[in-house]
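Right, one structure below, let's go through it.
The values are calculated or read from the model by the stated rules, or taken from the named source; none is laboratory data. Owing to the predicted nature of the structure, the values given are computational and were not obtained by experimental measurement. Neighbour counts run over all protein chains shown; Cβ positions are idealised from the backbone, glycine included.
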């Protein structure tokens, strides 16, 4: 076996491993889903979600956000992450008032760690909303992110409750009108 062939094999092994991990993550994405019933209408919940400039006033996870909520637009979100913060720029995939807000965020380069995050709103009898917050992760590092799952589930539940509280506060002040 020639030296060139040995070098080619040695260089190929990491690429094959990365490709295998990526394929595995695409076939086995990690999803976090939290469902909360809120005492607010889908339109009231949408008002809270669409007002990104005010996330810092109520959102315990996204402490700063800006951008227009429309399909194809980018948001600029700063989130609490580990012992600090992280800023990312997701692209909005779906923005249907009163129904759904979905964006995709990527860590540095596509395929490393991609997260498709959604808020789905379902009207309930009596005027409430079933809010389903979900994030589906794919990418090379996703199989190694299992320790984050419990923390993210708790964060999503906290954000869902904060959305409901914000909607109630806006209703009391008449800001929904």
Exactly one of these conditions fails for residue 160: (1) surrounded by fewer than 19 Cβ atoms within 10 Å (Cβ to Cβ); (2) under 15 Å from the mean Cα position of the chain (by Cα). Give me its number.
(1)
If you take the residues in region 101-120 that are at pLDDT 95 or above and touching a helix residue (DSSP H, G or I) at 6+ places or on another chain (Cβ under 9 Å), which one is farthest from residue 131 (Cα to Cα)?
101
Would you mind stating whether residue 40 is buried (at least 16 other Cβ atoms within 10 Å of the Cβ), modelled with pLDDT of 80 or more and in a loop (DSSP other than H, G, I, E, B)?
yes
Residue under question is residue 4, and the condition is that it be at pLDDT 75 or above and in contact with a strand residue (DSSP E or B) (Cβ under 9 Å, 6 or more places away or on another chain); does it hold?
no
Could you tell me which residue of region 133-157 is surrounded by the most Cβ atoms within 10 Å (Cβ to Cβ), considering only residues that are within 22 Å of residue 58 (Cα to Cα) and in contact with a helix residue (DSSP H, G or I) (Cβ under 9 Å, 6 or more places away or on another chain)?
133
On the basis of being surrounded by 13 or more Cβ atoms within 10 Å (Cβ to Cβ) and either at pLDDT 90 or above or not in a helix (DSSP H, G or I) (or both), does residue 64 make the cut?
yes
